[in-house]
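Each reported figure results from applying straightforward, stated rules to the coordinates on display, with no laboratory input. Keep in mind it's a predicted model, so treat the numbers as computed, not measured. Here the Cβ is made from the backbone with ideal geometry for all residues, glycine too, and neighbour counts use every protein chain on show.
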Amino acid sequence: MNKIVPQSDIYNYLYNENYNGVRGFVSVDEHSNILKTLDDVFEGNRLDYDNTAFKIGNGVDGISKSVGNADTVYGKITYVLDDATGIKIPKDLQIATNAPYTGRGFTGSKNVVLPELVQDTRPFVDGDILGIYDAKTGELTQQFVYDSDLGWLLK
C-alpha cells in the first residue's frame, strides 16, 4: 500500500511523534507505482482538492492556498497491509462538497484508473518505508525505514 505525503509534511512524519501512522486516502502499490513525477502522482491520485498541501506550480495556483514555489520533492509511505478490515471504498462522503472525490470507488483521473481507498488509522510498524522522491523526475532521493524502537532510520 502507498500513502502520498506532501513536501510540507515529510519533516512531521520523520520527527513529530503525533505523525505515528497512516490514515486517509491510500492506493495499492501495484496500481499506483507507475506514477513517478509529482505531476503524475498529483493527477492520478486526484490530489487537487480544496486546500491541498501539494504544490505543483509556482505562485497562486487556484487550488492550494499556498503562494510560492512548487514542491521539489514528495514523500511516499509504503507499507504491507496485514489486515484488510482497515481499508474501505469510501462511499459515505457527500460528492458535491468533496470534489475531486467521486464516491464510485475510483479516483476521478482522466489518465489512470486508480481505485479510491481509505485506510483507517494504522500505526507504523517495523519495516514501513518512507521514500522521498524528486518531484520532476520521480527518482528516489532518500529512503527511511521504520523501527518501532528507534523511529525512522535512513536506509
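Some notes on this structure:
- Under 5 Å from the amide H of Gly21 lie the amide H atoms of Phe124, each residue being 5 or more positions distant or on a separate chain, with H modelled from the backbone and absent for Pro and chain starts.
- In terms of other Cβ atoms within 10 Å, Ser8, Ser27, Ser32 run from fewest to most in the order Ser8, Ser32, Ser27.
- Proximal charge balance of Asp82 [Cβ under 14 Å; K/R count +1, D/E count -1]: -3
- Taking other Cβ atoms within 10 Å as a rough exposure proxy, Asp120, Asp48 sort from fewest to most as Asp120, Asp48.
- Around Glu17: net Lys/Arg minus Asp/Glu count, Cβ-Cβ under 15 Å: -3
- Stretching Ser148 away from Asn58 to a fully extended chain increases their span by 28.6 nm, per 0.36 nm per residue minus the current alpha-carbon distance.
- Cα-Cα over 26 Å, subset of Lys3/Lys91; Lys91/Lys155; Lys88/Lys155: Lys91/Lys155; Lys88/Lys155
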